[in-house]
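Each value in this text was obtained by applying a stated rule to the coordinates, not by laboratory testing. What you are looking at is a predicted structure, and each value in this text was computed from that prediction instead of being measured. Neighbour counts are summed over all protein chains in view; Cβ atoms, including those assigned to glycine, are modelled from backbone coordinates with ideal geometry.
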Amino acid sequence: MALRPVDRLLAGYLGFVTVVIAIRGPLSHPAYPWLLAMHGLFGIFLYLTTRLRDSDRVGRALHDLYPLVMLLPLYTEIGLLNPPVGDPGVLGHDAVIQQIEALVFGGQISYTWIRTAPSVFWSGLLHLAYFSYYPIVLFGPLLVWMRGNRAGARTILLSTMVAFTICYGWFVLYPVAGPNYAFPHPVGPVREVWSAQLVYRLLISGSSFGAAFPSSHVAATTAATLAVHDAWRGLGRSFLIPAALLTVATVYCQMHYGIDAAAGLVTGVLAWVVARRIVRSTPA
């Protein structure tokens, strides 16, 4: 079985990260040897997929869906590649983004919006919408695959992973902390609503520093939603409102700058277009 476009995409991205680690020095960080080992294991996995037979249903299912399993280690890797929380170099990048933010939006809307228009209702709804990233990105392709549309599921995953690799590559080269780290957190009822507490617990347990611009939440959600809509219109329509609210939520809830969300939206649409063209030009 030949390698698929998503296999080549992820192999290319991990090759890029491997080069970055080689330039920085494989022993300059205690995690780097482990990251290189993970890259090597991924290469072995890809080789094994080329040995699959059409009769190997379990292996083919794993080959279809493995990008979902890769999401956590790839995101965690960003936090290991970037400087620690509070690094002045990263916050210097934030200063540049904040200048662009002020130029485009007339101020720091990620800081002022929730403070000038505090609403427990909107805070609760938008923090919940921010959380909708996980079911859209994870369950969208899985439900399409379970429906029997394996090709559609693979296209959704390709679209999503194109968005992720664009964002992650940028995070490695130009890390931006984002307003969640650069500004004091909101206080009061808008922060105490249950969905806000859920989101903050998730961020504390698994957020990678320097992964703000462009917003991979917006990019991946947009790419996945558009691709799901192509494969299963009803399911895709059910994702449209949560995806739109998520884009707003990243700014209102002070998770991303407005320019992060805008760049993530453009990246997501671009990833969807690129994935569709790749699939159409790839022999079945």
Pick from Ser208, Ser132, Ser55: which is most flexible by mean-square fluctuation in a GNM of the chain where alpha carbon atoms under 10 Å apart are linked? Ser55
List Leu3, Leu46 from most exposed to least, where exposure is judged by having the fewest other Cβ atoms within 10 Å. Leu3, Leu46
How large is the helix-only mean residue ellipticity at 222 nm for the chain, computed as the sum of -39500 (n - 2.57) over DSSP H runs with n ≥ 4, divided by its residue count, in deg cm²/dmol to the nearest 500? -25500 deg cm²/dmol
I need two numbers for the stretch 187-284: Rg to one decimal and Dmax as a whole number, Cα atoms only, in Å. 15.6, 56
Going by C-beta contacts inside 10 Å, put Phe45, Phe105 in order with the fewest on the left. Phe45, Phe105
Extension gain from Ile100 to Arg51, taking 0.36 nm per residue of separation minus the Cα-Cα distance: 12.7 nm
Determine which residues of the stretch 125-140 fall in the zone a paramagnetic label at Thr76 would reach in this model, i.e. backbone nitrogen under 11 Å from the point 7 Å along Cα→Cβ. none
How many angstrom lie between the C-alpha centres of the stretch 30-96 and the stretch 153-184? 13 Å
Calculate the FRET efficiency for Glu192 and Val20 from the Cβ-Cβ distance with a Förster distance of 41 Å, rounded to the nearest 0.05. 0.50
Fewest to most Cβ atoms within 10 Å: Thr282, Thr225, Thr155 sort as Thr282, Thr155, Thr225
Across every pair of different alpha-carbon atoms, what Kirkwood hydrodynamic radius in Å does the stretch 1-134 reach? 18.8 Å
